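In what follows, a single structure is set out as structure tokens and then discussed.
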């Protein structure tokens, strides 16, 4: 976690020195995979929202700071007798903040070309916090680290506004998003999962962006 904070502090000056800044917001859904639901299921989606600040380091590379929050839930899928007996579920609130890079495959910011769209990829570092559990099976921190990555597609509405569709995965190093992991298997209460795998969550949504152009100030050539 200390390394993550150092990286975030180091990237902050870069975010404030770009020649073009962007702010935006979006709506979408959170989803979860873990002990209760091993694969992505659209029916398990919950509402989420995001806001972000983006600066452009070049025509194809951008840096962004993002805040995303929403409900995250899951209900046991009885894939075997063990899961049917356990019958676990959860419904929590998740808050995430992250810094990351975007790479655009097409030179869509070139004013001399009529290109109005581009696919892109992103990767970053994040912190997330969870709340909503009445009890915990063991002591753990409600604030954890994640690695956000994914991709999307942007379309330019006009030089100041554009819209994007994005799919993002949050790789975590945490096994208690569903409040199920290590347990006392001798009690036969089945309230435990696989401690050797981590839980992950996803954000899928549509975002809207407003671009601001910085006007360079004249410099004194004799200084």
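Values quoted throughout were computed directly from the atomic coordinates according to the rules given, and no laboratory measurement underlies them. On a predicted model such as this, the values are computed, not experimentally measured, just so you know. With ideal geometry, Cβ positions are generated from the backbone for all residues, glycine too; neighbour counts draw on all protein chains shown.
Structure values in brief
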quantity	calculated
Estimated distance in nm for a label pair at residue 116 and residue 143, the labels positioned 7 Å out from Cα along Cα-to-Cβ	4.5
Label point distance in nm, residue 101-residue 163, each placed 7 Å from Cα along Cα→Cβ	3.0
Residue 194 versus residue 53: modelled label distance in nm, points set 7 Å from Cα along the beta carbon direction	4.1
Stretch gain in nm, segment residue 173-residue 23, where the contour uses 0.36 nm per residue and the Cα spacing is subtracted	51.0 nm
Potential extension, residue 41-residue 134 segment - 0.36 nm per residue separation minus Cα distance	30.9 nm
